Each structure stands twice: as C-alpha cells, then as structure tokens.
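The block underneath contains the structure these notes are about, expressed in structure tokens.
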Amino acid sequence: MLKIHKIISGNLEENCYVIYDSKTLNSMIIDPGENGHQIISEIKKNGFKPEIIINTHGHYDHIFSDDKIRSEFKIPLAIHKNETSMLYDTYKNGSKIFGSPLIIKKPDILFEFEQKVKLSFATFKVIHTPGHTKGSICLLFKNFLITGDTIFAGTIGRTDLYDGNNEEMMKSIFKLKMIKPSNVDIYPGHGQKTNLSNELKYNVYLK
Ligand SMILES: [Zn+2]
Ligand SMILES: [Zn+2]
C-alpha cells in the first residue's frame, strides 16, 4: 500500500513528498525543497529506499535539494522536458532574487508525453499541466494526485512568473477536472492536502 510522508521546507513552506510502499519501503521523492538535510535524515530514519526524484516544476523552492539528494542516494532526477532550462537558469527558477543563485545539474530522465511510469512499487501517470510554468506536471496515482503549484486547496497557482500562462493554466485545470473518479486526494506543492471532489465544489477556479 502506498503512503505519503510530507516534509515542509523554507519560507515558502514548500511540500516535499516521499511516496513509499508501506511494506517494502521502496520510495520516490517529489520536489525536495530547501531543507535537504532534514529530508535525508527523515528518509534514513524511516528506512525509505528512494528510487527516483521527480520535480513537478523547476522553481527553486521545489528543486533546491535535487543534487544533494541525488548524490546521497545515487538516484536519477526526472522533470518535464519543457522545464529543463529552469534547473540551470537562476532568473527562471526564481533563486536569483532570493540572493542565493541555484543551479542544478543535468536531469537524468525527461518526461515528454502524457506517459505511464512504472517503478518497482508503483505506477502513475504523468499529466502535462502548463500554466504555472511551461513544463509543470501533475502525477496521478490510483487514488491521489500530486499537483505541484497547479492546484492548491481553494485556489490555483500563479501565472505571472517566468513562462507562466493564464490560458494554458485554464486548459490544464480543465484537464484535471476531468479525472475520474473525482474522489482522488490532492497533495499540492504548498499548504494542506485536499481532494478533487471538494475542489470541484468549493474552488472558484474549478467550479
Ligand atoms: Zn512554483
Ligand atoms: Zn512552489
């Protein structure tokens, strides 16, 4: 059975999720934020065995500890192909204005199409959801959805940053609204978890 362990990082309170199999402890790391040291120690303390890091998008608060964790556990980094330049560009990833320019090494895996990904312990679908950034993705598992900065509880992600696009965002939101069954839980990149049926009822951007 898949379970989710959350580690919050930094001033922006970014959510890193470790998704793991409760029996084998095989796991994946979504968006390792600024607190890499804590993420590593919690992974070790819980005995999680990470297989891959996935970035929902390339903003610095979501990619901050990519390289630290990659070298600690010797695992690949995956991101959407439209998002790669964010990893290397301190203006695009937003790190420059925070005074500590961040450059991440080349990713190992690029998502390109809407694709199913099979890990040793889980299968999920990569949904391309541009809008917050060009290469933002959501990850759909059997009964939950990882949304990065595309959907939050009660609102959606901003589209006024580099490569943001409001029209694209609305198309992406429409795509997510069509997910069936709609009772999937939503784990966003910031804030509390929610679920899709709740957002369809109360989130003004999804109603
Ligand atoms: Zn973002
Ligand atoms: Zn964010």
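We did not get these values from a lab; they are worked out from the coordinates using the rules stated. Computed from a predicted model, the values in this text were never measured in an experiment. We place every Cβ from the backbone using ideal geometry, glycine too, and count neighbours over all the protein chains shown.
Some observations on this one:
- Residue (of Phe73, Leu161, Ile137) at the positive-pole extreme of the range 63-175, dipole from beta-carbon charges: Phe73
- Antiparallel %, DSSP beta bridges [both residues in the chain], to 5: 65
- For Lys106 and His37, the FRET efficiency from 1/(1 + (r/R0)^6), where r spans their Cβ atoms and R0 equals 41 Å, is about 0.95.
- Cα Rg, Dmax, the range 99-161, angstrom units: 13.8, 40
- Net charge dipole size for the chain [Lys, Arg +1 and Asp, Glu -1 on Cβ; Debye, nearest 20]: 680
- Above-threshold pairs, the threshold being 20 Å between Cα atoms, out of Lys23/Lys125; Lys92/Lys177; Lys6/Lys175; Lys142/Lys193; Lys125/Lys171; Lys44/Lys193: Lys23/Lys125; Lys92/Lys177; Lys6/Lys175; Lys44/Lys193
- Shown for Tyr91, Tyr20: other C-beta atoms within 10 Å of each C-beta, ranked fewest to most, produce the order Tyr91, Tyr20.
- Multiplying the residue separation of Thr123 and Glu167 by 0.36 nm and removing their Cα-Cα distance gives an extension gain of 12.8 nm.
- Net charge, Asn15 excluded, C-beta distance under 11 Å - Lys, Arg +1, Asp, Glu -1: -3
- Value of [θ]222 nm, deg cm²/dmol, for the chain, DSSP H segments ≥ 4, -39500 (n - 2.57) each, nearest 500: -6000 deg cm²/dmol
- From largest to smallest, the equivalent ellipsoid semi-axes obtained for the range 2-202 from the alpha-carbon gyration tensor read 23, 21, 15 Å.
- Working ranking of peptides 78-90, 98-110 by packing, defined as the average number of other Cβ atoms within 10 Å per residue, highest first, is 78-90, 98-110.
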